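A quick write-up on the structure given underneath.
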Amino acid sequence: MTNGTIRDAVRPFAGLLPMTILTMLAACGGGSAGGGSVTPPPSPPPVVTRDAFGCITGEWRVAGGVPAETRYQTDHFAFHWTGDVVAQADAVKVGQALENVYRVYATTIGLKPPQCESSDKMKININIAGDNGINVAGSRNGTGYIDANALGFATPRTVAHELVHVFQSATPGWTHLPRSFWETHANYMVAQLPDFRGDVDCSEDAVNAAYLAHGNARTRYCGWQFWDRIAQKYGYDPVNAVWTATGMAGDQYATLAATRGWSAAQLNDEFGDWAIRNVTWDYVNRDGYDRGAVFRSAYGGYEPDTPVAFRARRLTTLEPIDLAARRFAVPAAWAPQRWGYNLVRLVPDPGASTITVAFRGVTQAASATPALPGGANEPLQVPPPGSGWRWSVVIVDAQGAPRYAPVLQGGDESQSVAIRADDRAAYLMVMATPVALQHLDDDQVYYSVYRYPWMVQVDGAMPWGYQRDVPDRIAGGVRHPNGNGWVGPAARVDPSVYVGPYARVYGGTVTGNARIEDHAILMSGAVGDRAQLAALTTLGGTATVTGTARIGGVFDTITGNGFALSGSAQLLGDVQIYGDNRQIGAPLFTGFATGVYYGMILQTDGNDPARGALRTAPVPEVTAVPDYRWR
């Protein structure tokens with residue numbers, strides 16, 4: 001500060017006492033009344049240089065590879081292997097691909113890479129072993145790594161996915177975000193890459209089971225479309241902030257709301273807006289890329305009564321509570337969980353110009369069970385259900401473009417929507433949106449997760465299956481005399497078998513006093529004795545279900561390559577067979593004769609009481625049996 005500058009600074013204080021001015025001068029290094037030593041100016045801060053990724057520059061080195069020998073290096077990666085498990089040319093190819101992916105993640109998307117704020121730079125180790133089918137990644141002793149099997153190593157999409165985990169492990173989010181979200185976010189990131197924009201991978205699983213809680217473990221790799229929509233609407237930063245925000249302790253949804261300044265109601269609104277767009281996949285990236293066209297091509301449409309087994313649950317089939325009054329309810333097993341949603345096809349009445357929907361949510365004040373039994377994957381406590389919904393009507397016009405009715409909330413609302421003679425289709429969307437943020441643990445067991453039942457009265461249209469001239473539910477099929485359900489020409493069903501009015505048997509063999517109930521579907525396999533298929537079960541492959549065994553599933557097709565469920569065993573809820581020849585790294589599932597099981601099923605669960613090996617009956621659920629009385 002020069003003397004002139006001091007004077008300029010002092011001038012406004014001309015009326016102050018001399019001692020005050022003297023103190024100010026001393027503080028500025030201008031001397032003291034006693035003529036003491038002058039305070040030296042502070043040392044200039046060190047110059048920090050940054051690279052093209054916005055990170056502090058430094059020397060890159062290799063540390064901690066397994067095996068220790070480094071066979072190949074790029075700017076940010078060190079490759080380790082022994083023998084000839086990997087060809088050098090493949091390593092060069094993958095190294096170039098990883099550098100390109102690293103650049104997109106760090107610059108285009110803006111998620112900062114590991115050690116970004118350090119000048120001590122350690123290359124990410126790519127440790128390549130035999131072909132055990134497993135790929136893992138993260139941070140080990142402060143150094144990023146990808147442990148790759150030889151087969152997965154040569155698959156560009158696989159290493160791009162695993163590289164996301166390295167980035168994630170260098171953020172504050174790794175301490176509190178659930179492991180299932182690590183996988184969801186990794187596939188969301190891969191979907192932003194130019195080479196994989198047209199690759200939807202397994203994301204159709206989330207479309208086919210949209211009524212399950214968003215973020216559920218069954219679709220942990222697949223349910224990234226909501227995050228894609230957030231990025232389209234607000235840019236990449238809000239999704240990045242879920243990982244990079246400091247001081248957070250909640251899950252991905254609580255963190256998103258906190259960093260955006262959203263209330264629970266506002267977050268619910270975002271989910272409702274997302275769900276209606278999924279009718280036509282009304283998604284366009286901020287750079288103009290038509291993501292919706294990719295989804296429409298890969299997923300197909302919403303076809304009622306599709307014979308494609310794994311798509312059979314996309315559209316919800318309602319059940320009448322007063323058909324004459326046009327009042328219907330969602331089947332209890334089909335009711336949506338938190339941020340899950342139902343889509344119902346509405347068929348306009350002949351000559352109708354308006355569809356009017358009156359909505360009634362079935363509210364629940366508290367858990368239907370006072371305590372959980374202490375099994376695997378139960379939460380420490382169960383909150384109140386906080387019943388809430390978002391719902392709307394979506395019209396698809398003659399060109400395939402959507403018209404959206406307002407997304408309403410609450411459990412007692414009505415609205416009318418104009419329709420045109422040339423409209424292609426109409427859909428009712430109903431989403432469960434609890435009034436308070438409701439955390440679910442990673443892979444939280446099915447019976448501890450609330451469902452949110454609802455009812456509607458529809459005028460000017462009928463839900464699919466109740467319109468005039470409704471098509472046969474199975475082409476070439478017939479109604480079964482015992483239960484009035486549908487049986488296809490390829491199936492063999494004994495007269496003694498019960499096939500309920502909403503059930504379908506496309507193929508396979510059903511004998512004895514077996515029951516195909518609720519909205520269950522049998523594609524192939526055998527069900528006999530007094531066994532049951534119930535809820536939303538879809539069974540295929542060569543599975544056999546006998547004795548008094550029961551499958552009451554709500555997710556995916558149980559392909560059952562040769563397993564036998566017998567005795568009194570039960571598979572319930574969001575059941576998924578692990579080790580059914582579609583998965584790697586688990587023994588083949590051969591079946592159970594006892595126990596009651598939920599969620600991901602391993603053959604070893606048959607010896608685990610916490611997983612249900614000793615149960616003889618279903619666990620009481622937190623969701624109450626719905627009281628479908630119109631009000």
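Here residue 458 fits the description: closer than 26 Å to residue 332 by Cβ and not hydroxyl-bearing (Ser, Thr, Tyr). Considering only residues of the range 219-242 that are touching a helix residue (DSSP H, G or I) at 6+ places or on another chain (Cβ under 6 Å) and assigned to a loop (DSSP other than H, G, I, E, B), which is farthest from residue 304 (Cα to Cα)? Looking at residues that are touching a helix residue (DSSP H, G or I) at 6+ places or on another chain (Cβ under 6 Å) and assigned to a loop (DSSP other than H, G, I, E, B), I get 236. Checked against (1) closer than 22 Å to residue 402 by Cα; (2) crowded, with 20+ Cβ neighbours inside 10 Å, residue 328 passes all but a single condition, namely (1).
Yes or no: residue 442 touching a helix residue (DSSP H, G or I) at 6+ places or on another chain (Cβ under 8 Å) and within 29 Å of residue 593 (Cα to Cα)? If you could, list the steps in order and put the result at the bottom.
On the way: touching a helix residue (DSSP H, G or I) at 6+ places or on another chain (Cβ under 8 Å): yes; within 29 Å of residue 593 (Cα to Cα): yes.
Yes: the conditions hold for residue 442.
Would you tally the residues in the range 439-455 being of a type in the set (Ser, Thr, Tyr) and either over 27 Å from the mean Cα position of the chain (by Cα) or closer than 17 Å to residue 330 by Cα (or both)? Give the derivation first.
Of the residues in the range 439-455, the ones of a type in the set (Ser, Thr, Tyr) are 446-448, 450, 452.
Now narrow it down to the ones that are either over 27 Å from the mean Cα position of the chain (by Cα) or closer than 17 Å to residue 330 by Cα (or both): 450, 452.
Of the residues in the range 439-455, 2 are of a type in the set (Ser, Thr, Tyr) and either over 27 Å from the mean Cα position of the chain (by Cα) or closer than 17 Å to residue 330 by Cα (or both).
Going by the structure shown, is residue 228 surrounded by fewer than 22 Cβ atoms within 10 Å (Cβ to Cβ) and modelled with pLDDT of 95 or more? Criteria met by residue 228.
If you check residue 283 against the conditions, is it in contact with a helix residue (DSSP H, G or I) (Cβ under 9 Å, 6 or more places away or on another chain), under 23 Å from residue 194 (Cα atoms) and outside any helix (DSSP H, G or I)? Answer is yes for this residue. Whether any residue in the range 95-104 is surrounded by 13 or more Cβ atoms within 10 Å (Cβ to Cβ) and in a loop (DSSP other than H, G, I, E, B) is what I want to check. Scanning the range 95-104, I find no residue that is surrounded by 13 or more Cβ atoms within 10 Å (Cβ to Cβ) and in a loop (DSSP other than H, G, I, E, B), so the answer is no. No other residue among 195, 201 is closer than 25 Å to residue 308 by Cβ, in contact with a Lys or Arg (Cβ under 9 Å, 6 or more places away or on another chain) and of a type in the set (D, E, K, R) apart from 201. Checked against (1) closer than 21 Å to residue 628 by Cβ; (2) basic (Lys, Arg); (3) surrounded by fewer than 18 Cβ atoms within 10 Å (Cβ to Cβ), residue 420 meets all criteria but (1). From the list 191, 129, the one residue that fits, being of a type in the set (Gly, Ala, Ser), touching a Phe, Trp or Tyr at 6+ places or on another chain (Cβ under 9 Å) and within 18 Å of residue 67 (Cα to Cα), is 129. When 588, 602, 571 are checked against the criterion of being at pLDDT 95 or above, of a type outside the set (Ser, Thr, Tyr) and either buried (at least 21 other Cβ atoms within 10 Å of the Cβ) or not assigned by TED's automatic domain parsing to the domain that holds residue 376 (or both), 571 stands alone in meeting it. The condition of being surrounded by fewer than 23 Cβ atoms within 10 Å (Cβ to Cβ), more than 19 Å from residue 295 (Cα to Cα), in the same structural domain as residue 77 (by TED's automatic domain parsing) and at pLDDT below 95 does not hold for residue 235.
Only one entry in 547, 540 is surrounded by fewer than 23 Cβ atoms within 10 Å (Cβ to Cβ) and either among the β-branched types (Val, Ile, Thr) or free of Cβ contacts under 8 Å to residues at least 60 places away in the same chain (or both), namely 547.
Checked across the range 525-535, the condition of being farther than 24 Å from residue 315 by Cβ, under 28 Å from the mean Cα position of the chain (by Cα) and surrounded by fewer than 23 Cβ atoms within 10 Å (Cβ to Cβ) holds for no residue.
Would you confirm whether or not the range 242-251 contains a residue that is closer than 27 Å to residue 439 by Cα and hydroxyl-bearing (Ser, Thr, Tyr)? Looking through the range 242-251, at least one residue is closer than 27 Å to residue 439 by Cα and hydroxyl-bearing (Ser, Thr, Tyr). Annotation: of all residues in the range 55-93 being of a type in the set (Gly, Ala, Ser) and surrounded by 13 or more Cβ atoms within 10 Å (Cβ to Cβ), the one that is farthest from residue 143 (Cα to Cα) is 91.
Scanning the range 428-461 for residues that are in a strand (DSSP E or B) and crowded, with 22+ Cβ neighbours inside 10 Å turns up 428, 429, 430, 431, 432, 451, 454, 455, 456, 458, 461. Looking at the range 39-53, can you tell me whether even one residue there is more than 22 Å from residue 189 (Cα to Cα), surrounded by 13 or more Cβ atoms within 10 Å (Cβ to Cβ) and touching a residue at least 40 places away in the same chain (Cβ under 8 Å)? No, every residue in the range 39-53 fails to be more than 22 Å from residue 189 (Cα to Cα), surrounded by 13 or more Cβ atoms within 10 Å (Cβ to Cβ) and touching a residue at least 40 places away in the same chain (Cβ under 8 Å). Scanning the range 248-277 for residues that are without any contact (Cβ under 8 Å) to a residue 40 or more places away in the chain and surrounded by fewer than 20 Cβ atoms within 10 Å (Cβ to Cβ) gives 258, 259, 260, 261, 262, 263, 266.
The values are calculated or read from the model by the stated rules, or taken from the named source; none is laboratory data. Please read these numbers as outputs of a predicted model, since none were measured by experiment. Note that each Cβ is placed from the backbone with ideal geometry, even for glycine, and that neighbours are counted across all protein chains shown.
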